[in-house]
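What follows is one structure encoded as structure tokens, with my remarks underneath.
The values are calculated or read from the model by the stated rules, or taken from the named source; none is laboratory data. Not measured: the values here are computed from a predicted model. Note that we place each Cβ from the backbone using ideal geometry, even for glycine, and neighbour counts take in every protein chain shown.
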């Protein structure tokens with residue numbers, strides 16, 4: 001399976017389609033990439049190549065330009081780099097972004113960062129089982145996790161997320177922007193109103209009061225949301241919401257439905273080129 005996947009990526013890479021996508025489509029769009037847990041070496045390698053192919057801008061600049069109607073300032077082939085969750089290895093990005101002088105936005109799970117609590121989805125190794133659990137309503141979801149010995153507020157032996165000292169150091173950087181990814185990474189559409197409100201509003205409050213961050217953007221866990229979730233986020237003061245719709249964004253875009261393209265944290269050069277161009281998502285229809 002891996003060989004077939006690699007062969008397909010190589011074929012797409014040398015087909016010329018990524019080049020055409022960059023120069024004919026992406027030149028007038030804004031592409032937002034989604035990463036999770038890149039190593040320092042992979043980040044340096046990946047971002048070095050992306051910087052040669054695209055004009056990397058910050059998410060906050062894009063928000064500002066959209067709100068103020070100054071789209072002429074958005075460069076051609078504009079690219080935004082984001083990370084979800086707040087993994088402890090994200091700390092290694094600090095050196096990379098300073099060396100390359102590129103901005104990144106990291107979306108934090110406010111009840112997990114700064115603790116030894118783990119990300120529940122990493123405790124379930126079976127992909128199919130994990131997918132099924134994600135689809136369960138709130139009470140069944142919690143019950144199933146508890147059966148597996150997973151308790152969201154329990155401290156683990158080793159931390160998986162950024163700690164307080166790392167956050168404090170990173171937030172001083174002009175190249176790193178921290179935003180919200182809810183509290184515990186529940187699937188919001190599966191939550192009751194009270195839990196959804198706590199995840200959306202509670203995360204913003206925690207990140208601002210506990211870490212002194214300025215929060216105006218929410219990244220939906222798994223990219224999933226409902227009209228209720230969007231309305232809750234807007235009422236809480238979020239001005240930008242990110243999905244995982246595998247599409248480009250217009251230069252003037254509805255900030256409440258920004259699209260992102262998922263990247264592979266362990267991808268090689270060919271895969272970086274193919275995925276960032278949006279071709280991979282287009283062909284696989286995801």
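So the values come out like this:
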{"read-out": "Sole exception among (1) at pLDDT 95 or above; (2) within 19 Å of residue 64 (Cβ to Cβ); (3) more than 14 Å from the chain's Cα centre (by Cα) for residue 242, by number", "value": "(3)"}
{"read-out": "Test: residue in the range 156-171 that is part of a helix (DSSP H, G or I), farther than 14 Å from residue 109 by Cβ, touching a residue at least 60 places away in the same chain (Cβ under 8 Å) and in contact with a strand residue (DSSP E or B) (Cβ under 7 Å, 6 or more places away or on another chain)", "value": "yes"}
{"read-out": "Residue within the range 90-100 that is part of a loop (DSSP other than H, G, I, E, B), touching a residue at least 12 places away in the same chain (Cβ under 8 Å) and either surrounded by fewer than 20 Cβ atoms within 10 Å (Cβ to Cβ) or in contact with a strand residue (DSSP E or B) (Cβ under 6 Å, 6 or more places away or on another chain) (or both) present", "value": "no"}
{"read-out": "Top-ranked residue in the range 44-81 [being within 15 Å of the chain's Cα centre (by Cα) and farther than 15 Å from residue 255 by Cα; ranked as surrounded by the most Cβ atoms within 10 Å (Cβ to Cβ)]", "value": "81"}
{"read-out": "Residue, farthest from residue 275 (Cα to Cα), within the range 51-79, restricted to residues that are in a loop (DSSP other than H, G, I, E, B) and in contact with a helix residue (DSSP H, G or I) (Cβ under 6 Å, 6 or more places away or on another chain)", "value": "74"}
{"read-out": "In the range 101-144, residue surrounded by the most Cβ atoms within 10 Å (Cβ to Cβ) [restricted to those that are in contact with a strand residue (DSSP E or B) (Cβ under 6 Å, 6 or more places away or on another chain) and under 30 Å from residue 53 (Cβ atoms)]", "value": "108"}
{"read-out": "Which numbered condition residue 34 misses (of (1) free of Cβ contacts under 8 Å to residues at least 60 places away in the same chain; (2) part of a strand (DSSP E or B))", "value": "(1)"}
{"read-out": "In the range 2-19, residue modelled with the lowest pLDDT [restricted to those that are exposed (fewer than 13 other Cβ atoms within 10 Å of the Cβ) and assigned to a helix (DSSP H, G or I)]", "value": "2"}
{"read-out": "Lone unmet requirement of (1) within 28 Å of residue 66 (Cα to Cα); (2) more than 18 Å from the chain's Cα centre (by Cα) for residue 219", "value": "(2)"}
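Rundown of residues vs (1) surrounded by fewer than 19 Cβ atoms within 10 Å (Cβ to Cβ); (2) at pLDDT 95 or above; (3) farther than 29 Å from residue 208 by Cα, yes/no style:
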position	(1), (2), (3)
226	yes, yes, no
236	yes, yes, no
252	yes, no, no
259	no, yes, no
277	no, yes, yes
